[in-house]
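J.: First, the structure itself, so that you have it in front of you.
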């Protein structure tokens, strides 16, 4: 009897600790049904956004080759990411790797973008390599993509925690704003040039809305759009955010007499977004923190302590301690 | 090297290059595996078999045929227009074919039909040139000017497609296509299409090599020798157009081959088209194979061919040109 109980306990313990074993059938975000052998040990990611979720789920050691969001070697984000992934130089791919390069890494699974990688997916499928097409370009897409990744890597609990963090942040901002009866200011999001702005179809615009702002450029369609300074004067944004990448800084706008006619510039409310691993304005996990940072800038009355939030977030999801330098950037 | 001995070398160059092509790639295949796949397919792993037969071999043949077709067309055009600066892009055929492809990608036409539409627009462009030039006398200078104009028109139209394209998915596809590349998994259809055009149009050119020699004289002299100059010129232009349109429709805009290779052939073998045409075909095939080997092995991603042919082509052209001037030569 005792032997039986011992066996049962051992079996139970094993099944608790083990990775999901066997076959999984997953419907990806392009609606394809993909069969995957688990456990997945070798992953190639052609989708920079998806790559960043592997880090947040703590499975970066299974990544064997990946593209990253605007990451260049020997930069501060590179140093930061190297700290949580010492193998970064071996798995980093500057551009989309060729078919042979992907096959040479002998992946069990390839993650790719549902918008641009369909052909590559067909090519890889011919070699029997399963490809999941993901599309994490807005909050809904992020939820679906992370759910898929959670199933694949057996990290559902971590995914739930990550998505809960986003949901709670959204609720917290909404609740506090209602409680304090705050008005939503007009907000412009600027990219790699001062007059290149985020359109209404972009994640940045969704972040502005969730952070309690009114995106002035939401009528624009597509990707980044070039606009006229007269259009900016017409919008007269009360706050301007600048993307973390690119060479535009608040000082450039403060120094420009024409831009000084814009309310946000006149009142000094122009902010460059921080970046730790990936830029905080692209739909990676770190954008959840970008949302809180935005809300804190739009509504100082909410009393959000972004520095403490950031420290906890990076410690919790990446096991990473933010440096003094980056903390002072975040504190702004 | 004496001329008699140069022919075996010229034709072994592309054949040898195909073998090297099969051996080189990011996926580590041993020579034994490659030759096994070629000659004893039942003994090798399916991945190896597929890499050799569906990826590397058709890709090598596409590269060879595209190179041969562009070089042949360039040699024929240089003869007909009696101008050393002419290359395969004269008469707007490349721009037309590129616009056709860009338009097809923009309209979301399935990839299988993009090459056909591209080919068609290449013919349309040259049809326009011939039609317009005829009304203004159809002399060489009128043809060249009309060609430049129609080419510019189609370049502007390419600009329109890029402007209208969705920058997230469609624009990168168009841009990458325009830079020129051999498809990663071409399959055998492009090999078939290119071979048919190469055999028909290339064969016709090589058969009429003597008339090309006469056409490359002054028009009056040619007429005095009893040749219907206008008709033969149109015939050569049509053959060249088919060659260029087939190449561009499969591999995008690859510059320099149509300019550089015919000069190299002439530098080696003198001006006689009976020698220049077959030599240009062989050298064009070998040159593009070498370039594509570099494009696929230098980095983990594939470098667009248009970039590499330019980087290799410009210094090579300068070298040829300087040598020629040092010998006190003009062009003719």
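J.: Given the DSSP H assignment, sum -39500 (n - 2.57) over each helix run of at least 4 residues in chain A and divide by its residue total; what's the result at 222 nm in deg cm²/dmol, nearest 500? Don't skip to the answer; put the middle values down first.
T.: On the way: 15 runs with 150 residues, N = 332.
Using -39500 (n - 2.57) per qualifying helix, the result is -13500 deg cm²/dmol.
J.: Then there's this: What translational diffusion coefficient, to the nearest whole µm²/s, does the protein assembly as shown have by Stokes-Einstein, given a Kirkwood radius computed over alpha-carbon pairs, a temperature of 10 °C and 1.306 mPa s viscosity?
T.: Numbers: Rh = 28.4 Å.
In µm²/s, the coefficient is 56.
J.: Another question, then. Anyone know which of B:176, B:21, B:113 comes out most mobile in the 10 Å Cα GNM of chain B?
T.: Between B:176, B:21, B:113, it is B:113 that shows the largest mean-square fluctuation.
J.: What number, in percent, do you get for the relative contact order of the range A:183-304 if the mean sequence gap of Cα pairs under 8 Å and at least 6 apart is divided by its residue count? Write out the running numbers ahead of the final one.
T.: Working: 227 pairs, mean separation 31.7, N = 122.
Reported as a whole number, the value is 26 percent.
J.: If we count other beta carbons within 10 Å of each Cβ, what is the order of A:74, B:221, fewest first?
T.: Ascending number of Cβ neighbours within 10 Å: A:74, B:221.
J.: Which order do A:111, B:57 fall in if you start with the one that has the fewest other Cβ atoms within 10 Å?
T.: Working: A:111 27, B:57 20.
In increasing order of surrounding Cβ atoms, one gets B:57, A:111.
J.: Hey, if you drop one equal point scatterer on each alpha-carbon of the range B:3-326 and run the Debye formula without solvent, what base-10 log of I(q)/I(0) do you get at q = 0.06, 0.08 Å⁻¹?
T.: -0.21, -0.37
J.: Now, a different point. How long, wide and thick is the range A:183-304, going by the Cα atoms along their three principal axes, in whole angstroms, largest first?
T.: Sorted from largest, the Cα extents of the range A:183-304 read 36, 32, 26 Å.
J.: Let me ask something additional. Beyond 17 Å, how much of the Cα-Cα pair distribution for the range A:18-154 remains, as a whole percent? Each step should come with its number before you reach the end.
T.: Values: 5205 of 9316 pairs.
Across the range A:18-154, Cα pairs with separations above 17 Å total 56 percent.
J.: For the range B:147-206 and the range A:158-216, what is the separation of their C-alpha centers, rounded to whole Å?
T.: The distance from the Cα centre of the range B:147-206 to that of the range A:158-216 comes to 42 Å.
J.: Nearest 0.05, what FRET efficiency do residue B:224 and residue B:53 give at R0 = 51 Å with Cβ-Cβ as r? Write out the running numbers ahead of the final one.
T.: On the way: r = 55 Å, r/R0 = 1.07.
So, using R0 = 51 Å, E works out to roughly 0.40.
J.: Then there's this: Out of all DSSP beta bridges in the range A:18-154, what portion is antiparallel? Express it as a percent rounded to 5. Each step should come with its number before you reach the end.
T.: Working: 6 of 18 bridges.
Beta bridges within the range A:18-154, antiparallel portion: roughly 35 percent.
J.: What share of the DSSP beta bridges in the protein assembly as shown is antiparallel, in percent to the nearest 5?
T.: Details: 10 of 31 bridges.
Taking every DSSP beta bridge within the protein assembly as shown, about 30 percent pair in antiparallel fashion.
J.: Now a separate question. Normalising by the residue count of the range B:3-326, find the relative contact order in percent from Cα pairs under 8 Å and 6+ residues apart.
T.: Working: 507 pairs, mean separation 99.8, N = 324.
Answer for the range B:3-326 is 31 percent.
J.: Need one number: nm distance between label points at residue B:322 and residue A:328, each 7 Å from Cα along Cα→Cβ, rounded to one decimal.
T.: About 5.3 nm separates the two model spin labels.
J.: Take peptide A:99-111, look around each residue's Cβ out to 10 angstrom, count Cβ atoms belonging to other protein chains, and average those counts. Intermediate values should be presented prior to the final figure.
T.: Working: counts 10, 14, 9, 3, 8, 6, 3, 2, 0, 0, 0, 0, 0.
Going residue by residue through A:99-111 and averaging, the value is 4.
J.: Compute the long axis of helix B:57-81 from its Cα atoms, compare it with the longest principal axis of the Cα atoms of chain B, and write down the angle in degrees, 0 to 90, nearest 10.
T.: The angle comes out at about 10 degrees.
J.: Let me ask another. How much mean residue ellipticity at 222 nm does chain B get from its helices, if each DSSP H run of length 4 or more adds -39500 (n - 2.57) and you divide by all residues, to the nearest 500 deg cm²/dmol?
T.: Numbers: 16 runs with 244 residues, N = 332.
Calculated from helices alone, the mean residue ellipticity at 222 nm is -24000 deg cm²/dmol.
J.: Another question, if that's okay. Using a Gaussian network model on chain B with a 10 Å cutoff between Cα atoms, which of B:313, B:74, B:270 fluctuates the most?
T.: Its mean-square fluctuation being the largest, the pick is B:270.
J.: In a Debye calculation with equal point scatterers on the alpha-carbon sites of the range B:164-242 and no solvent, what is log10 I(q)/I(0) at q = 0.12, 0.22 Å⁻¹?
T.: Result of the Debye calculation: -0.58, -0.98.
J.: Another question about this same structure. If you take each beta carbon of peptide B:177-188 and count the beta carbons of other chains within 10 angstrom, what is the mean?
T.: Working: counts 0, 0, 0, 0, 0, 0, 2, 6, 8, 0, 0, 0.
That works out to 1 on average.
J.: Next question, about the same structure. Based on alpha-carbon positions alone, could you give the equivalent ellipsoid semi-axes of chain A from the gyration tensor, as √(5λ), descending, whole Å? Kindly include the intermediate steps, with their values, before the conclusion.
T.: Numbers: eigenvalues 302, 109, 66 Å².
The answer is 39, 23, 18 Å, longest axis first.
Read-outs: derived from the displayed coordinates by stated rules, not from any lab. Since the model is a prediction, treat every value here as computed from it, not as a measurement. For neighbour counting, all protein chains shown are included, and Cβ atoms are generated from backbone atoms with ideal geometry for every residue, glycine included.
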